[in-house]
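Note sheet for the following structure.
What follows draws every value from the coordinates through simple rules; no lab data is involved. This one's a predicted model, so the numbers in the text were calculated from it and none came from an experiment. For neighbour counting, all protein chains shown are included, and Cβ atoms are generated from backbone atoms with ideal geometry for every residue, glycine included.
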Amino acid sequence: MDQRLIGAVEAGGTKFVLALAREDGTVLARGRIDSTSADATFPQMCAFFRQAGAAHGPIAAFGVGSFGPFDNDPASPGYGTITTTPKTGWPGANFLRALAEFGVPVVCDTDVNAAAIGEGLAGAGRGCGLFAYTTVGTGIGAGLVRGGVPLGGFGHYEAGHIPVARLPGDVFAGACRVHHDCVEGMASGTAIRARWGGELAGVDRIELIAHYLAQLAAVLLLTHMPERLIFGGGVMQVPGLIEALRRAAEARFAGYIHSPHLDPGLERYIVTPQLGNDAGITGAIELGRRGLA
Ligand code: ZN
């Protein structure tokens with residue numbers, strides 16, 4: 001069978017990762033451009049796909065995983081639009097319009113859901129009926145995937161903005177521009193830089209961040225009973241953080257839920273991603289695959 005071609009976009013707040021892939025997932029061309037503004041970045045994105053298409057053949061569908069807030073509801077007139085982001089040059093940017101010249105289906109979701117789909121397909125979520133993928137980077141976001149499909153209501157989840165109980169003595173005001181001391185405001189990469197002016201390091205600071213992330217882990221567990229919690233993103237690469245998170249989460253779960261999924265020590269329950277930086281683009285390729293007629 002001839003392999004149809006998929007254009008995939010992982011649209012992050014600082015860079016776009018682009019790929020042209022065969023239907024079976026083989027990547028034929030890769031690109032990376034800065035996310036400056038929609039007016040500057042979208043034409044570069046289209047130029048990449050025109051060039052890659054000329055070299056390898058016509059593109060049959062696109063998959064997009066985008067930063068947000070993002071309209072990921074296929075039934076919405078604004079489907080594929082970056083909505084209320086504070087990032088200059090991006091509110092109202094729409095991927096369906098941007099890629100309209102190719103005349104093929106464009107399937108969109110959030111960057112978090114795309115990475116979650118990728119981990120479910122080929123990474124740490126394989127074999128799970130329902131799992132959660134959380135990214136702790138500049139912001140915090142979580143996606144829940146059941147049978148390859150991200151859960152959602154009228155919009156994507158905003159688990160990074162749940163309220164959290166402060167660690168006694170923590171007087172940091174919080175870095176979220178809306179809620180101040182939500183979990184993103186207290187424990188994201190942005191919060192870490194605002195707290196300490198640099199990267200996360202040192203046992204006390206790692207345990208403080210783990211204290212907040214454990215509350216998100218508890219909310220995900222208590223509201224969804226996922227079979228696994230994957231924690232990724234740049235902040236989670238700090239040595240010792242995943243172990244501190246497991247300890248803090250186990251203390252917070254406090255033995256309330258009895259399940260073979262919750263192993264003592266949570267080493268099998270709370271895990272890091274397996275695809276590393278490729279989770280997002282792997283998920284975007286899968287989104288495009290779902291757009292193939
Ligand atoms: Zn918030």
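Net charge dipole, the chain: roughly 140 debye, given to the nearest 20, about the Cα centre with Cβ charges of +1 for Lys and Arg and -1 for Asp and Glu.
How about segment 207-293: which chymotrypsin sites (Phe, Trp or Tyr not before Pro) there lie in a loop by DSSP and see at most 11 other Cβ atoms within 10 Å?
Y256
Looking at the chain alone, DSSP beta bridges between its own residues are antiparallel in about 60 percent of cases. The overall shape of segment 220-293, judged from the alpha-carbon gyration tensor, is oblate: a/c is not under 1.5, and a/b is no greater than b/c. The Cα atoms of segment 32-135 give a gyration tensor whose axes a ≥ b ≥ c have a/c of 1.5 or more with a/b no greater than b/c, which makes the shape oblate.
Once the piece of chain linking T272 and R193 is laid out straight, how much longer is it, given 0.36 nm per residue of separation minus the C-alpha distance between them? If you can, show how the numbers build up before the last one.
Numbers: separation 79, 0.36 × 79 = 28.44 nm, distance 2.23 nm.
Separation in residues times 0.36 nm, less the Cα-Cα distance, equals 26.2 nm.
Does the chain come out rounded, prolate or oblate, given a ≥ b ≥ c as the square roots of the eigenvalues of its C-alpha gyration tensor, rounded meaning a/c under 1.5 and, failing that, prolate meaning a/b above b/c? Note, shape of the chain comes out prolate. The relative contact order of the chain, computed from alpha carbon pairs under 8 Å that lie at least 6 residues apart in sequence, is 21 percent.
Across segment 124-272, the mean sequence separation of Cα contacts (distance under 8 Å, 6 or more residues apart), normalised by length, yields a relative contact order of 26 percent. Here the Karplus curve 6.51 cos²θ - 1.76 cosθ + 1.60, taken at θ = phi - 60°, turns the phi angles of segment 268-279 into couplings of 8, 8, 10, 10, 8, x, 9, 8, x, 6, 8, 4 Hz, with x standing for Gly and Pro.
What does DSSP give for segment 124-272 in terms of the percent of beta bridges that are antiparallel, rounded to the nearest 5? Counting only bridges with both partners in segment 124-272, antiparallel ones make up about 60 percent.
Among the GluC sites (Glu not before Pro) found in segment 201-293, those both in a DSSP coil and sparsely packed, with 13 or fewer other Cβ atoms within 10 Å of their Cβ, are E267.
Between R50 and A254, the FRET efficiency from the beta-carbon distance, with R0 = 51 Å, is close to 0.35.
Residues whose amide H lies under 5 Å from that of L130, counting only those 5 or more places away or on a different chain, are E227; hydrogens are built 1.01 Å from N in the peptide plane.
Near G127, within a Cβ-to-Cβ distance under 14 Å, what is the net charge of the other residues, with Lys and Arg +1 and Asp and Glu -1?
+2
Amide H contacts for I59 (H built 1.01 Å from N in the peptide plane; partners 5 or more residues away or on another chain; cut-off under 5 Å): none found.
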